Amino acid sequence: MDDEQQHPEHGPLAGFTVGVTAARRAEELGALLQRRGAVVLHAPALRIVPLADDGELLASTKELIAQAPDVVVATTAIGFRGWIEAADGWGLGRQLLERLRGVELLARGPKVKGAVRAAGLTESWSPSSESMAEVLDRLLEEGVEGRRLAVQLHGEPLPGFVEALRAGGAEVVPVPVYRWMPPEDIGPVDRLLDAVAARAVDALTFTSAPAAASLLSRAEERGLLGEVLVALGHDVLPACVGPVTALPLQARGVETVQPERFRLGPLVQLLCQELPARSRALPVAGHRVEIRGHAVLVDGELKPVPPAGMSLLRALARRPGWVVARAELLRALPGTGRDEHAVETAMARLRTALGTPKLIQTVVKRGYRLALDPAADTKYADG
C-alpha cells in the first residue's frame, strides 16, 4: 500500500483489466472498478425479461390470488418491489397485497424487510444472517407437510431450497421475478471469452449464477471451454459476489474468491487486495518493478505497456537476471512469426514505455535479460 499512498494519482487496480458479466447493476460495478484504476470490459452474459411481459410471473400471481398460500418467502428487495409493481401494472396490485396481508411472510434480510414494509405489509420473521439456509431451517422446524408455500425467486437458483421443501411435503409455488435470457447481442460475450482465453483480462467478476452458467455455456458452444477453464484456473482470477453465484464455476472445477459480505463494494475491495498480491514485484537496476496486467509500476509510477511489450516482459520476468534468447522471446510474442527483428522492434517500444532503458539489458548475440539487482540474484534466480 505504500506505493499507492506515495502515488495517489492511480488506484490499487491501475494496470489491471477486469471483465464484468453482470446485466443488472453493471454500471455501478464498472464505476467502482474504474474509480480504483481498472480498465473494465463489460459483456452482459444475460438479459432480464421485462416484468410486464413475463407470462410466468402473471400466471403465478393469479394463482396465488385465487388460492392463498400459507407462507410467502421474499428473497430480494428489488424482486419483491418488482413483483408488486408488475401486479399494479396488470391491475392486480390491490388483490395481491390483500392476499399477502393474511399469510406468514418471511423476509430474507433487512433490505427485503424494507421493501415489504414499503408495500404496507409486515414480515412475520427475518433471519439476522440474511441466509436462505436459516429460512429453510425455520420452515422445516415449523413443519411444511401439507402447507402451500410461495417462494419469490430472483433469477438465481436456490440450490436445494425448493427441493427440500417439497421433500418435506410442501406444495411450492415459484414466483419467477426477473428471469434471465441469453443476451440479444452475443458479440460482447464472445469478445470477453476471447480476452479470457488470451489472458488479456486479469479478473472476471460474477454477480449471478445464471450469468456464470451462461458464459460457460457460450464458451462450450464456441469450443473454447477448455481454454477458458485453464485460464480461470491459473491466470485470470474468477471473483464471485457469493457462494451461490460460484456454483456453476465450482461444478467445472474452478476455484473462486468471494468477499465475506456478499455485496458489490466488498467484491471490489477483494479485487483491490487479490490482484496486486498476484502481481510480481522485482528489484531491477535500482528500481522496484511491479508487473501488472497491461501496465508496469516502476517505483510506484504507472507505465502503460503495449501487449507485445507485456509478453516480452513476462517472458524475461519468468527468469529474472537470466539471458532469454531472441528465438524464445519471438515465440512469446502474440501472432508469432519467424522474423527475430519483431523482437527488437517490440523491445524498443517496451523500453520507451518503461521510460528506464537500463531495466532491460541487451546481451550481444545471445538475447536480453532483466537487470536484476545483484543482491537479489539468489532470491529470484529460480524465477
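The values are calculated or read from the model by the stated rules, or taken from the named source; none is laboratory data. Treat the numbers as computed from the prediction; the structure is a model and nothing was measured. Using ideal geometry, Cβ is built from the backbone for each residue, glycine included, and neighbour counts are taken over all protein chains shown. Please note that ligands, DNA and RNA were not included when accessible areas were found on the heavy atoms of the full protein model with its side chains. Shrake-Rupley method; radii C 1.70, N 1.55, O 1.52, S 1.80 Å.
Name the one entry in 73, 112, 49 that is in contact (Cβ under 8 Å) with a residue 40 or more places away in the chain and closer than 26 Å to residue 147 by Cβ.
73
Determine which member of the set 135, 173, 177 is of a type in the set (A, V, I, L, M, F, W, C), more than 21 Å from residue 51 (Cα to Cα) and surrounded by 14 or more Cβ atoms within 10 Å (Cβ to Cβ).
Result of the check over 135, 173, 177: 135.
Yes or no: residue 203 touching a helix residue (DSSP H, G or I) at 6+ places or on another chain (Cβ under 7 Å) and at pLDDT 95 or above?
On the way: touching a helix residue (DSSP H, G or I) at 6+ places or on another chain (Cβ under 7 Å): yes; at pLDDT 95 or above: yes.
So residue 203 fits the description; yes.
Collect the residues in region 213-253 that are of a type in the set (Gly, Ala, Ser) and either part of a helix (DSSP H, G or I) or open to solvent by less than 50 Å² (accessible area, probe 1.4 Å) (or both), keeping them in residue-number order.
Across region 213-253, the qualifying residues are 213, 214, 217, 219, 226, 231, 233, 239, 242, 246.
I need the full set of residues from region 100-118 which are of a type in the set (A, V, I, L, M), under 25 Å from residue 263 (Cβ atoms) and crowded, with 18+ Cβ neighbours inside 10 Å, in order please. Steps first, please.
Residues of region 100-118 of a type in the set (A, V, I, L, M): 100, 103, 105-107, 112, 115-116, 118.
Those still in the list that are under 25 Å from residue 263 (Cβ atoms) too: 105-107, 112, 115-116, 118.
Hits for region 100-118 are 105, 106, 107, 112, 115, 116.
Go through (1) assigned to a helix (DSSP H, G or I); (2) modelled with pLDDT of 95 or more; (3) open to solvent by less than 70 Å² (accessible area, probe 1.4 Å) one by one and return the number of the condition residue 150 breaks.
Failing condition for residue 150: (1).
Can you pull out every residue in region 297-336 that is open to solvent by less than 60 Å² (accessible area, probe 1.4 Å), closer than 15 Å to residue 359 by Cα and among the charged types (D, E, K, R)?
Residue satisfying the conditions is 303 alone.
Could you list, in sequence order, all residues of region 351-383 that are of a type outside the set (Lys, Arg), part of a helix (DSSP H, G or I), closer than 19 Å to residue 341 by Cα and at pLDDT 85 or above?
352, 353
Find the strands (runs of 3 or more DSSP E) located wholly in region 1-79 whose residues include 2 or more that are open to solvent by 10 Å² or more (accessible area, probe 1.4 Å) and at pLDDT 90 or above, and list them. Quick ask: steps written out before the conclusion?
Values: elements: 17-20, 39-42, 71-74.
Filter on region 1-79 gives 39-42.
Out of region 181-212, which residues are open to solvent by 50 Å² or more (accessible area, probe 1.4 Å) and either in contact with a strand residue (DSSP E or B) (Cβ under 7 Å, 6 or more places away or on another chain) or in a helix (DSSP H, G or I) (or both)? First the steps, then the outcome.
Step one: of region 181-212, the residues open to solvent by 50 Å² or more (accessible area, probe 1.4 Å) are 181-182, 184-186, 191, 194, 198-200.
Result: 181, 184, 191, 194, 200.
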